[in-house]
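Okay, so here's the structure we're looking at.
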Amino acid sequence: DLPVIYGITPTYARPVQKAELTRMSHTLRLVRNFHWIIVEDAETPSSLVTNLLKCTFMNYTHLAAPTPASWKRKLKEPKWKKPRGVSQRNAAIRWLRQNKNRDTDRGIVYFADDDNTYSLNVFEEMRSISKVGVWPVGLVGGLMVEKPLLDSVTGRVIGWNSHWRPEREFAIDMAGFAVNLQHLLSNPNAEFSFNVERGFQESALLSQLVKIEELEPKADNCTKVYVWHTRTEEPYLGDEKALRSKGQRSDE
Ligand code: UDP
Ligand code: MN
């Protein structure tokens, strides 16, 4: 009777996709009572993701929700110019609203990108959240660790150590918080939006859900790092391109 953890993962087609999802699924398979909501940035589900999920022996829901063309990153356009994962995370939130019951379904909702590195500990920490739990995230925001700062007397969150846009109300990465399912369902309008300043996705969502003093610090009073905002280098595929221009490929 552990609460189910709903891990919401946006994903998009690229050379490293299968490697990322394989690595991630091999972590997630070790998490008890886990339900993976994987949302492809596409009009329809791909056979790559469909086949990979079939072979994982996990509980999962496979959705597709394309990023609108005007918000899609152009080739060579820097990553930071446009928010990523917005349509996909919202599709998953809507799926939860339609398929889960606010009064009877116990669970935790976590936004888990496909390229991060997850310790199993982060999942156990989040199971006891009643509204919103927070914890440190490694390798993000120009720091080794971004973390909530706690009042030494009350133990409550009073701010953030972030250097990047420290004026954010919730200066925390997507990987650094999770939300109780019943609490999310009790706030029927809470979702992500393209209509927020760059880098403010987390703050914009969390401000619809809690006040800073209500946040529940996890990971030993936010002293432990159990998740890292790693990024995967884009592989060099120059020779593959040459093959394809001759109508061949190395991977068939
Ligand atoms: N993503 C997506 N469509 C895109 C780019 C990214 O669905 O066009 C997904 C990606 O797979 C990841 C999440 O959105 O799960 C965040 O993207 P990314 O890791 O590239 O962002 P960053 O770590 O730079 O914030
Ligand atoms: Mn990432």
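Things to note:
- With R₀ fixed at 41 Å, the C-beta to C-beta distance from MET144 to GLN208 puts the FRET efficiency at about 0.85.
- Entry for the chain at q = 0.09, 0.12, 0.13 Å⁻¹: log10 I(q)/I(0) = -0.40, -0.72, -0.84, Debye formula applied to identical alpha-carbon scatterers, no solvent contribution.
- Inter-part distance where the range 26-51 and the range 97-155 are each reduced to a Cα centre, Å: 19
- Modelled this way, with points 7 Å down the Cα-to-C-beta line, the labels at ASP220 and ILE158 are 2.3 nm from one another.
- Distance between the pseudo-spin-label points of LEU30 and LEU75 (7 Å out from Cα toward the beta carbon): 4.0 nm.
- For the range 190-230, size of Cβ-based charge dipole, Lys and Arg +1, Asp and Glu -1, in debye: 140
- Taken about its Cα centre, the range 139-184 carries a charge dipole of roughly 40 debye when the Cβ of each Lys and Arg holds +1 and the Cβ of each Asp and Glu holds -1.
- Under the convention that each Lys and Arg Cβ holds +1 and each Asp and Glu Cβ holds -1, the size of the dipole of the chain around its Cα centre is about 600 debye.
- Computed from backbone phi, the HN-Hα couplings of the range 169-178 come to 4, 10, 8, 9, 7, 3, 7, x, 8, 9 Hz, rounded to whole numbers (Karplus: 6.51 cos²θ - 1.76 cosθ + 1.60, θ = phi - 60°; Gly and Pro given as x).
- Solvent-accessible area per residue, Å², over the chain with all protein chains present [probe radius 1.4 Å]: 53
- Furthest towards positive pole of dipole, ALA175, SER128, TYR60, structure part the chain, Cβ charges: TYR60
- Over the range 139-244, the hull volume per residue, using the convex hull of the C-alpha atoms, is 168 Å³.
- Cross-link reach is defined here as a Cα-Cα straight distance under 18 Å, omitting same-chain residues fewer than 8 places apart; for LYS131 the lysines meeting it are LYS100, LYS211, LYS218.
- Gyration tensor (alpha-carbon) shape descriptor, the range 1-95, a/c threshold 1.5: prolate
- The alpha carbons of the range 91-169 give a radius of gyration and a Dmax of 15.3, 42 Å, in that order.
- Separation of the GLU240 and THR44 label points, Cα + 7 Å toward Cβ, nm: 2.4
- Kirkwood estimate for the range 167-226, i.e. one over the average of 1/r between Cα atoms, Å: 12.6
The values are calculated or read from the model by the stated rules, or taken from the named source; none is laboratory data. In this text, all values refer to a predicted model and were calculated from it rather than measured experimentally. Note that we place each Cβ from the backbone using ideal geometry, even for glycine, and neighbour counts take in every protein chain shown. Please note that ligands, DNA and RNA were not included when accessible areas were found on the heavy atoms of the full protein model with its side chains. Shrake-Rupley method; radii C 1.70, N 1.55, O 1.52, S 1.80 Å.
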